[in-house]
Amino acid sequence: SHEYIEVIIEAAACRKEISYIIEVDFRSEFELAKSSSGYQQIVNQLPEVYVGKPDRLRMVLRAVCKAMKRSLAEKKMHIGPWRKFGFMQMKWLGPSVRQVPGASHMDRMKPTGVQMLNSQDYGSQEPLSRMVFFTTPLVKAMG
């Protein structure tokens, strides 16, 4: 299973939730042992850490997977199913099991500098976020 962070912000003005995906090792998801120079240039332009909305991620995935397919065809290599757009899309955009940290989990996170913030800290009447999704391995890596 693949783990990443998803932050869902409740936009009170339009009464809708805005989702942001954070992948801390984004670029490495696309690295190939043998790739064309053109594909390598594309991968080098990818951010190490991805932070963005799901629609933007879908566009990036489509473009990079298409370039990966061309690169592997150029090298006369088979493209594994885990490298195809559908699989890559499911990694971040498919149905997922969300783990929302409970009180005891949040207490363990506090020493690492992660804190829950109130909207009043910023003089705002709107909630900053309704849920933050952390994976345990990521929290350990941050500590």
What is the calculated FRET efficiency for ILE18 to LYS69, with r their C-beta to C-beta distance and R₀ = 35 Å, to the nearest 0.05?
0.65
Fully extended, how many nm does the chain gain between LEU93 and ARG62 (0.36 nm per residue separation, minus their Cα-Cα distance)?
9.9 nm
With a ≥ b ≥ c the root eigenvalues of the C-alpha gyration tensor of region 1-98, is it rounded (a/c under 1.5), prolate (a/b larger than b/c) or oblate?
prolate
Most exposed to least, judged by fewest other Cβ atoms within 10 Å, HIS78, HIS2 sort to HIS78, HIS2
Suppose R0 equals 25 Å. What FRET efficiency, 1/(1 + (r/R0)^6) with r the Cβ-Cβ distance, do LEU32 and ALA11 give to the nearest 0.05?
0.05
Qualifying GluC sites (Glu not before Pro) in region 19-88, DSSP loop, other Cβ atoms within 10 Å at most 14
GLU31, GLU48
On the formula 1/(1 + (r/R0)^6), with r taken between the Cβ atoms of VAL51 and GLU3 and R0 of 25 Å, the FRET efficiency rounded to 0.05 is 0.95
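Here, each number is a calculation from the coordinates, and none is a lab measurement. In this text, all values refer to a predicted model and were calculated from it rather than measured experimentally. Glycine gets a Cβ as well: all are built from the backbone with ideal geometry, and neighbour counts include every protein chain shown.
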